[in-house]
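Each remark here refers to the structure printed beneath this line.
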Amino acid sequence: MTEHGEDGYLTLHGLRHHYIRWGDPEGDPVVLLHGLMNNGRYWEHIADRFRPDYTVYAPDLRGHGETDHAPGGYLVWAFAMDLRALVQELDLEAFDLVAHSIGSRVAMAYAREHSHRLKHLVLADMGPQMAEQGARGIRKSTGEARSAPGFPTEEEALAYFANLYPGQSPEFLMRQLMSSLTLDEPSGNLVFRFDPHINQATGRAALVEIPYLWESLEHITCPTLVIRAEKSKVLSPEIQAQMVERLPRGRGVVIPDAGHQAPLHQPVAFAAAVREFLAT
(Lines give C-alpha, C1' and ligand atoms only; values in the text may rest on other atoms or scores of the structure.)
Protein backbone atom coordinates (compact mmCIF):
# COMPACT_ATOMS: atom_id res chain seq x y z
CA MET A 1 0.00 0.00 0.00
CA THR A 2 1.30 3.46 -0.90
CA GLU A 3 -0.08 6.94 -0.42
CA HIS A 4 -0.86 6.88 -4.15
CA GLY A 5 -3.36 4.06 -3.70
CA GLU A 6 -3.45 0.37 -4.46
CA ASP A 7 -4.88 -0.95 -7.74
CA GLY A 8 -7.51 -3.66 -7.73
CA TYR A 9 -9.26 -5.56 -10.52
CA LEU A 10 -12.56 -7.45 -10.55
CA THR A 11 -14.60 -9.11 -13.28
CA LEU A 12 -18.20 -7.88 -13.05
CA HIS A 13 -20.87 -8.85 -15.58
CA GLY A 14 -18.19 -10.05 -17.94
CA LEU A 15 -16.22 -6.79 -17.84
CA ARG A 16 -12.83 -6.29 -16.21
CA HIS A 17 -13.20 -3.41 -13.73
CA HIS A 18 -10.39 -1.40 -12.18
CA TYR A 19 -10.51 0.46 -8.88
CA ILE A 20 -8.07 2.24 -6.59
CA ARG A 21 -8.03 1.88 -2.81
CA TRP A 22 -6.46 4.33 -0.41
CA GLY A 23 -6.11 3.34 3.23
CA ASP A 24 -6.31 0.21 5.35
CA PRO A 25 -9.16 -2.08 4.18
CA GLU A 26 -10.41 -2.28 7.77
CA GLY A 27 -11.30 1.42 7.87
CA ASP A 28 -14.71 3.04 7.36
CA PRO A 29 -15.36 2.76 3.62
CA VAL A 30 -16.25 5.64 1.32
CA VAL A 31 -16.77 5.07 -2.41
CA LEU A 32 -16.08 7.92 -4.85
CA LEU A 33 -17.69 7.93 -8.31
CA HIS A 34 -16.18 10.08 -11.06
CA GLY A 35 -17.91 11.84 -13.94
CA LEU A 36 -17.96 11.41 -17.69
CA MET A 37 -14.56 11.09 -19.43
CA ASN A 38 -12.73 10.84 -16.07
CA ASN A 39 -11.55 7.85 -14.01
CA GLY A 40 -10.87 6.84 -10.42
CA ARG A 41 -7.52 8.66 -10.35
CA TYR A 42 -9.50 11.92 -10.65
CA TRP A 43 -10.07 11.64 -6.90
CA GLU A 44 -6.46 11.27 -5.73
CA HIS A 45 -6.14 14.79 -4.30
CA ILE A 46 -9.54 14.39 -2.59
CA ALA A 47 -8.77 10.91 -1.24
CA ASP A 48 -5.71 12.32 0.53
CA ARG A 49 -8.05 14.55 2.54
CA PHE A 50 -9.97 11.52 3.87
CA ARG A 51 -6.96 9.60 5.12
CA PRO A 52 -6.42 8.11 7.65
CA ASP A 53 -10.02 8.25 8.89
CA TYR A 54 -11.54 6.42 5.92
CA THR A 55 -10.76 3.68 3.45
CA VAL A 56 -11.38 5.26 0.06
CA TYR A 57 -12.43 3.26 -3.01
CA ALA A 58 -12.54 4.90 -6.44
CA PRO A 59 -13.62 2.68 -9.35
CA ASP A 60 -13.20 3.39 -13.03
CA LEU A 61 -16.75 3.28 -14.36
CA ARG A 62 -17.40 1.04 -17.36
CA GLY A 63 -15.86 2.49 -20.49
CA HIS A 64 -13.43 4.67 -18.51
CA GLY A 65 -9.83 4.36 -17.37
CA GLU A 66 -8.65 0.76 -17.12
CA THR A 67 -12.17 -0.70 -16.97
CA ASP A 68 -13.34 -2.48 -20.12
CA HIS A 69 -15.45 -0.77 -22.75
CA ALA A 70 -19.03 -2.02 -22.66
CA PRO A 71 -20.78 -3.19 -25.83
CA GLY A 72 -24.01 -3.27 -23.78
CA GLY A 73 -24.04 0.51 -23.51
CA TYR A 74 -23.84 3.30 -20.98
CA LEU A 75 -27.28 4.00 -19.61
CA VAL A 76 -27.58 4.62 -15.89
CA TRP A 77 -28.99 1.19 -15.06
CA ALA A 78 -25.87 -0.55 -16.37
CA PHE A 79 -23.56 1.68 -14.31
CA ALA A 80 -25.69 1.09 -11.19
CA MET A 81 -25.63 -2.66 -11.78
CA ASP A 82 -21.82 -2.50 -11.87
CA LEU A 83 -21.73 -0.52 -8.61
CA ARG A 84 -23.96 -3.05 -6.88
CA ALA A 85 -21.68 -5.89 -7.97
CA LEU A 86 -18.54 -3.97 -6.97
CA VAL A 87 -19.65 -3.29 -3.40
CA GLN A 88 -20.77 -6.91 -3.04
CA GLU A 89 -17.37 -8.17 -4.21
CA LEU A 90 -15.60 -5.74 -1.86
CA ASP A 91 -17.96 -6.86 0.94
CA LEU A 92 -18.96 -3.33 1.91
CA GLU A 93 -21.87 -3.90 4.26
CA ALA A 94 -22.40 -0.20 4.99
CA PHE A 95 -20.56 2.66 3.33
CA ASP A 96 -20.64 6.31 2.34
CA LEU A 97 -21.11 7.12 -1.33
CA VAL A 98 -19.81 10.37 -2.86
CA ALA A 99 -20.49 11.00 -6.54
CA HIS A 100 -19.77 13.79 -9.01
CA SER A 101 -21.42 14.69 -12.31
CA ILE A 102 -22.61 11.60 -14.23
CA GLY A 103 -21.48 9.57 -11.22
CA SER A 104 -24.29 11.26 -9.29
CA ARG A 105 -26.85 9.86 -11.71
CA VAL A 106 -25.35 6.40 -11.16
CA ALA A 107 -25.54 6.96 -7.39
CA MET A 108 -29.22 7.97 -7.55
CA ALA A 109 -30.10 4.83 -9.49
CA TYR A 110 -28.12 2.64 -7.08
CA ALA A 111 -29.51 4.31 -3.96
CA ARG A 112 -33.10 3.91 -5.15
CA GLU A 113 -32.90 0.21 -4.27
CA HIS A 114 -29.95 0.11 -1.88
CA SER A 115 -30.01 3.20 0.34
CA HIS A 116 -30.30 0.85 3.34
CA ARG A 117 -26.61 0.06 2.72
CA LEU A 118 -25.61 3.72 2.60
CA LYS A 119 -24.65 5.68 5.68
CA HIS A 120 -24.57 8.91 3.69
CA LEU A 121 -24.96 9.89 0.04
CA VAL A 122 -23.39 12.94 -1.62
CA LEU A 123 -24.57 14.06 -5.07
CA ALA A 124 -22.21 16.69 -6.47
CA ASP A 125 -23.26 19.06 -9.25
CA MET A 126 -25.63 16.82 -11.17
CA GLY A 127 -29.34 16.15 -10.88
CA PRO A 128 -31.86 13.87 -12.58
CA GLN A 129 -31.73 16.40 -15.40
CA MET A 130 -29.22 19.05 -16.37
CA ALA A 131 -29.68 22.72 -16.94
CA GLU A 132 -29.92 23.08 -20.73
CA GLN A 133 -26.75 25.14 -21.07
CA GLY A 134 -24.79 22.54 -19.13
CA ALA A 135 -26.26 19.65 -21.12
CA ARG A 136 -25.20 21.31 -24.37
CA GLY A 137 -21.73 21.93 -22.94
CA ILE A 138 -21.23 18.32 -21.85
CA ARG A 139 -22.43 16.96 -25.21
CA LYS A 140 -20.08 19.39 -26.98
CA SER A 141 -17.06 18.50 -24.84
CA THR A 142 -17.75 14.78 -25.22
CA GLY A 143 -17.90 15.14 -28.98
CA GLU A 144 -14.74 17.24 -29.10
CA ALA A 145 -12.87 14.75 -26.92
CA ARG A 146 -13.99 11.86 -29.12
CA SER A 147 -12.65 13.52 -32.26
CA ALA A 148 -9.52 15.05 -30.70
CA PRO A 149 -6.23 13.76 -32.16
CA GLY A 150 -4.72 13.47 -28.67
CA PHE A 151 -1.28 14.61 -27.60
CA PRO A 152 1.74 14.13 -29.88
CA THR A 153 4.15 14.24 -26.95
CA GLU A 154 4.20 13.36 -23.28
CA GLU A 155 5.21 16.95 -22.47
CA GLU A 156 2.04 18.33 -24.08
CA ALA A 157 -0.07 15.81 -22.20
CA LEU A 158 1.59 16.73 -18.88
CA ALA A 159 0.95 20.42 -19.60
CA TYR A 160 -2.75 19.61 -20.06
CA PHE A 161 -2.96 17.91 -16.67
CA ALA A 162 -0.88 20.65 -15.03
CA ASN A 163 -3.57 23.10 -16.13
CA LEU A 164 -6.29 20.88 -14.60
CA TYR A 165 -4.39 20.33 -11.33
CA PRO A 166 -2.45 23.53 -10.56
CA GLY A 167 0.46 23.19 -8.18
CA GLN A 168 0.60 19.40 -8.20
CA SER A 169 3.88 17.49 -8.42
CA PRO A 170 5.24 16.01 -11.66
CA GLU A 171 4.72 12.55 -10.15
CA PHE A 172 1.05 13.31 -9.50
CA LEU A 173 0.59 14.62 -13.05
CA MET A 174 2.23 11.52 -14.50
CA ARG A 175 -0.20 9.29 -12.58
CA GLN A 176 -3.08 11.30 -14.07
CA LEU A 177 -1.58 10.88 -17.53
CA MET A 178 -1.09 7.13 -17.16
CA SER A 179 -4.63 6.53 -15.91
CA SER A 180 -6.33 8.80 -18.46
CA LEU A 181 -4.40 8.26 -21.69
CA THR A 182 -3.20 5.39 -23.82
CA LEU A 183 -1.01 5.13 -26.90
CA ASP A 184 -2.83 5.13 -30.22
CA GLU A 185 -0.47 3.09 -32.39
CA PRO A 186 -1.70 4.27 -35.83
CA SER A 187 -1.10 7.94 -34.99
CA GLY A 188 1.55 7.57 -32.31
CA ASN A 189 -0.40 10.04 -30.15
CA LEU A 190 -1.50 9.70 -26.54
CA VAL A 191 -5.32 9.60 -26.61
CA PHE A 192 -7.98 9.39 -23.93
CA ARG A 193 -8.80 5.86 -22.76
CA PHE A 194 -12.56 6.32 -22.48
CA ASP A 195 -14.89 4.60 -24.93
CA PRO A 196 -16.00 6.99 -27.69
CA HIS A 197 -19.52 5.61 -27.26
CA ILE A 198 -19.93 6.99 -23.74
CA ASN A 199 -21.80 9.91 -25.32
CA GLN A 200 -24.80 7.55 -24.96
CA ALA A 201 -24.86 8.62 -21.31
CA THR A 202 -25.95 12.14 -22.33
CA GLY A 203 -27.68 11.40 -25.64
CA ARG A 204 -31.32 10.93 -26.63
CA ALA A 205 -31.40 7.40 -25.23
CA ALA A 206 -30.73 8.82 -21.75
CA LEU A 207 -33.87 10.98 -21.79
CA VAL A 208 -35.87 8.04 -20.41
CA GLU A 209 -33.71 8.19 -17.28
CA ILE A 210 -34.95 11.63 -16.22
CA PRO A 211 -38.38 10.72 -14.75
CA TYR A 212 -36.92 7.53 -13.28
CA LEU A 213 -34.21 9.45 -11.44
CA TRP A 214 -36.61 12.13 -10.17
CA GLU A 215 -38.80 9.38 -8.74
CA SER A 216 -35.74 7.59 -7.35
CA LEU A 217 -35.02 10.53 -5.03
CA GLU A 218 -38.21 9.79 -3.09
CA HIS A 219 -36.96 6.26 -2.33
CA ILE A 220 -33.55 7.30 -0.98
CA THR A 221 -33.87 7.05 2.79
CA CYS A 222 -30.29 7.77 3.87
CA PRO A 223 -29.07 11.32 4.66
CA THR A 224 -28.24 12.93 1.32
CA LEU A 225 -26.26 16.07 0.52
CA VAL A 226 -26.77 17.83 -2.81
CA ILE A 227 -23.72 19.93 -3.66
CA ARG A 228 -23.94 22.69 -6.25
CA ALA A 229 -20.94 24.59 -7.56
CA GLU A 230 -21.65 28.32 -7.41
CA LYS A 231 -20.70 28.86 -11.08
CA SER A 232 -22.20 25.60 -12.33
CA LYS A 233 -23.92 25.52 -15.70
CA VAL A 234 -25.02 21.92 -15.07
CA LEU A 235 -26.96 22.03 -11.78
CA SER A 236 -29.19 25.07 -11.45
CA PRO A 237 -30.33 26.47 -8.08
CA GLU A 238 -33.89 25.47 -9.01
CA ILE A 239 -33.02 21.84 -9.72
CA GLN A 240 -30.92 21.63 -6.55
CA ALA A 241 -33.86 22.96 -4.49
CA GLN A 242 -36.26 20.48 -6.09
CA MET A 243 -33.89 17.63 -5.33
CA VAL A 244 -33.59 18.58 -1.67
CA GLU A 245 -37.37 18.82 -1.46
CA ARG A 246 -37.92 15.40 -3.04
CA LEU A 247 -35.31 13.63 -0.90
CA PRO A 248 -36.70 12.36 2.44
CA ARG A 249 -33.51 13.42 4.26
CA GLY A 250 -31.97 15.88 1.85
CA ARG A 251 -29.98 19.03 2.38
CA GLY A 252 -28.07 21.32 0.05
CA VAL A 253 -24.81 23.24 0.05
CA VAL A 254 -23.06 25.53 -2.43
CA ILE A 255 -19.29 25.48 -3.05
CA PRO A 256 -18.26 29.13 -3.60
CA ASP A 257 -16.18 30.22 -6.56
CA ALA A 258 -16.31 26.83 -8.29
CA GLY A 259 -17.49 25.59 -11.66
CA HIS A 260 -18.85 22.13 -12.47
CA GLN A 261 -15.49 20.53 -11.67
CA ALA A 262 -15.73 21.61 -8.04
CA PRO A 263 -13.45 18.80 -6.73
CA LEU A 264 -10.72 20.26 -8.97
CA HIS A 265 -11.51 23.95 -8.60
CA GLN A 266 -12.00 23.99 -4.85
CA PRO A 267 -10.68 20.71 -3.38
CA VAL A 268 -10.29 22.08 0.16
CA ALA A 269 -13.84 23.43 0.31
CA PHE A 270 -15.28 20.37 -1.43
CA ALA A 271 -13.58 17.87 0.88
CA ALA A 272 -14.48 19.93 3.96
CA ALA A 273 -18.18 20.07 3.01
CA VAL A 274 -18.25 16.31 2.39
CA ARG A 275 -16.36 15.40 5.55
CA GLU A 276 -18.56 17.62 7.69
CA PHE A 277 -21.63 15.91 6.25
CA LEU A 278 -20.25 12.40 6.69
CA ALA A 279 -19.55 13.18 10.34
CA THR A 280 -23.24 13.87 11.04
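Filtering ALA145, ALA159, ALA135, ALA78 for residues that are modelled with pLDDT of 95 or more and either in a helix (DSSP H, G or I) or under 30 Å from PRO223 (Cβ atoms) (or both) leaves a single hit, ALA159. Based on this model, can you work out whether HIS64 counts as within 21 Å of ARG175 (Cα to Cα), surrounded by 24 or more Cβ atoms within 10 Å (Cβ to Cβ) and touching a strand residue (DSSP E or B) at 6+ places or on another chain (Cβ under 7 Å)? When the stated conditions are applied, HIS64 does not pass them.
Summed over the stretch 89-120, residues that are of a type in the set (A, V, I, L, M, F, W, C) and under 13 Å from the mean Cα position of the chain (by Cα) total 7. Scanning the stretch 147-190 for residues that are surrounded by fewer than 18 Cβ atoms within 10 Å (Cβ to Cβ), in contact with a Pro (Cβ under 9 Å, 6 or more places away or on another chain) and among the aliphatic types (A, V, I, L, M) yields a total of 2. Where strands (runs of 3 or more DSSP E) fall entirely within the stretch 168-254, those with at least 1 residues that are of a type in the set (Ser, Thr, Tyr) and under 24 Å from ILE20 (Cβ atoms) are at 181-184.
For the stretch 246-280, a tally of residues being of a type in the set (S, T, N, Q) and farther than 18 Å from LYS233 by Cβ returns 1. Within the stretch 233-271, the set of residues being within 23 Å of GLN176 (Cβ to Cβ) and small (Gly, Ala, Ser) comprises ALA258, GLY259, ALA262, ALA269, ALA271. Return yes when ALA279 is of a type outside the set (Lys, Arg) and touching a Phe, Trp or Tyr at 6+ places or on another chain (Cβ under 6 Å) and no when it is not. No.
The values are calculated or read from the model by the stated rules, or taken from the named source; none is laboratory data. Note that this is a predicted model, so its numbers are computed, not measured. Ideal geometry is used to build each Cβ from the backbone, glycine not excepted, and the neighbour counts take in all protein chains shown.
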